[in-house]
1. Scanning region 87-106 for residues that are touching a Ser or Thr at 6+ places or on another chain (Cβ under 9 Å) and assigned to a loop (DSSP other than H, G, I, E, B), which turns out farthest from residue 170 (Cα to Cα)?
2. Within region 25-46, which residues are within 18 Å of residue 172 (Cα to Cα) and buried (at least 20 other Cβ atoms within 10 Å of the Cβ)?
3. I'd like the full set of residues that are modelled with pLDDT of 95 or more, among the polar types (S, T, N, Q) and either farther than 27 Å from residue 81 by Cβ or under 25 Å from the mean Cα position of the chain (by Cα) (or both), limited to region 323-362.
4. Read through the list (1) within 16 Å of the chain's Cα centre (by Cα); (2) among the hydroxyl-bearing types (Ser, Thr, Tyr); (3) assigned to a helix (DSSP H, G or I), then give the number of the only condition that residue 208 fails.
5. Taking residue 199 as meeting all but one of (1) in contact (Cβ under 8 Å) with a residue 40 or more places away in the chain; (2) more than 17 Å from residue 179 (Cα to Cα); (3) of a type in the set (Phe, Trp, Tyr), write down the number of the exception.
6. Taking region 8-35 as the region of interest, how many residues are within 11 Å of residue 237 (Cβ to Cβ) and outside any helix (DSSP H, G or I)?
7. Would you mind listing the strands (runs of 3 or more DSSP E) fully within region 108-178 where at least 3 residues are modelled with pLDDT of 95 or more, closer than 21 Å to residue 280 by Cβ and not small (Gly, Ala, Ser)?
8. Out of curiosity, is residue 37 farther than 30 Å from residue 16 by Cβ, in the same structural domain as residue 157 (by TED's automatic domain parsing) and in contact with a Pro (Cβ under 9 Å, 6 or more places away or on another chain)?
Amino acid sequence: MVDLKGQYEEIKDQVDSSIQNIIENTSFINGPEVHQFQKELEEYLDVKHVIPCGNGTDALQIAMMGLGLKPGDEVITADFTFAATAEVIALLNLTPVLVDVDADSFNINVEAIKAAITPKTKAIVPVHLYGQPANMEEILKIAKEHNLYVIEDNAQAIGANYHFEDGTVKKAGTLGDVGATSFFPSKNLGAYGDGGAIFTNNDELAHTIRGIVNHGMYERYHHDVVGVNSRLDSFQAAVLKAKLPLLDKYNSARRKSAKLYSEALKSNENIITPKIIGEEDTHVFHQYTIRVTNGKRDELAKTFQENNLPFGIYYPIPLHLQKAYLDERYEESKFQVTNKLVKEVISLPMHTELDEEQIAYITCVINKVV
């Protein structure tokens, strides 16, 4: 699904020398590489504060801790996403409220958000799934009207642009009160291990979060807030620092591959290819996910396995049907899109080293089976 070795070849000399330098100066935790990467990512995103942390799940949890959400507060998020989004809500004894998504974008449905708001609702967590931002303009309006926080799960969409109706353009993850991302190796900006970061333009919130990530300390052995141990190590920062200047190039390569996939599949009446909502640069194609509409998704997956072709099914079970998140409040009639998507979606190989021959082979297999 990803070719990390091929990607490494372009940055090999910089990564190798940086890692050797870290070993020699033993600055393994919170070293110069971490601080340099933080500053460079702040400049790239045009955001006031980037707070690196241990992984993307921690980033979401710490963002919620920083906002001071209390047990019993309701947090609305998408049913069609990876479990980490709901997981951190539950871990903090908040109440996850799962809602349906849009069929075109795979992202959280605005009308479903409106219907789910109660007096206990305190936050909305839009997930920018597969690399395309959710409908943030409308979500921000809803949040303002109901005095809710917006926490962006930007694990899959770093580098994506969001275009507001007035012409303003901002990076995904910097639009709400706080954003969280993952640097898992397969991400568009991936480390060589775990890593994550939190983004915000709120000075006070940033200060709180900086304490939380380091055991609640601002001064050594003075614990001012309840915190966790979640830090980005210097090795990962060195890798990310080498990749960051290439992120736009990486994302452009993904968009090019997505166009080739869509062109090769456009005449197949049993396939729905991904739809870009708005401008081309809004989608960074962390995943290229098609929908197989004639019931042959699982047959296609089996064929891929038999031919040693990588694929992913993200996600095969809705969160509202997972044992950990079962809740008698949920009605199946309110998850019609999600319940359909889990039976149809399949993600194809998508990375910066894909070439036309590989895409032609993959799509040929698809068109034969489906």
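The values are calculated or read from the model by the stated rules, or taken from the named source; none is laboratory data. All of these numbers come straight from a predicted model, not from anything done at the bench. Note: ideal-geometry Cβ built from the backbone for every residue, glycine included; neighbour counts use all protein chains shown.
1. For region 87-106, the residue satisfying everything is 100.
2. Going residue by residue through region 25-46, those that are within 18 Å of residue 172 (Cα to Cα) are 38-46.
Within region 25-46, 41, 45 meet the criteria.
3. 336, 338, 339, 347, 358, listed by residue number.
4. (1)
5. Of the numbered conditions (1) in contact (Cβ under 8 Å) with a residue 40 or more places away in the chain; (2) more than 17 Å from residue 179 (Cα to Cα); (3) of a type in the set (Phe, Trp, Tyr), the odd one out for residue 199 is (2).
6. Of the residues in region 8-35, 5 are within 11 Å of residue 237 (Cβ to Cβ) and outside any helix (DSSP H, G or I).
7. Details: elements: 121-125, 149-153, 161-163, 169-171.
Fully inside region 108-178 and qualifying: 161-163, 169-171.
8. Against the criterion (farther than 30 Å from residue 16 by Cβ, in the same structural domain as residue 157 (by TED's automatic domain parsing) and in contact with a Pro (Cβ under 9 Å, 6 or more places away or on another chain)), residue 37 does not qualify.
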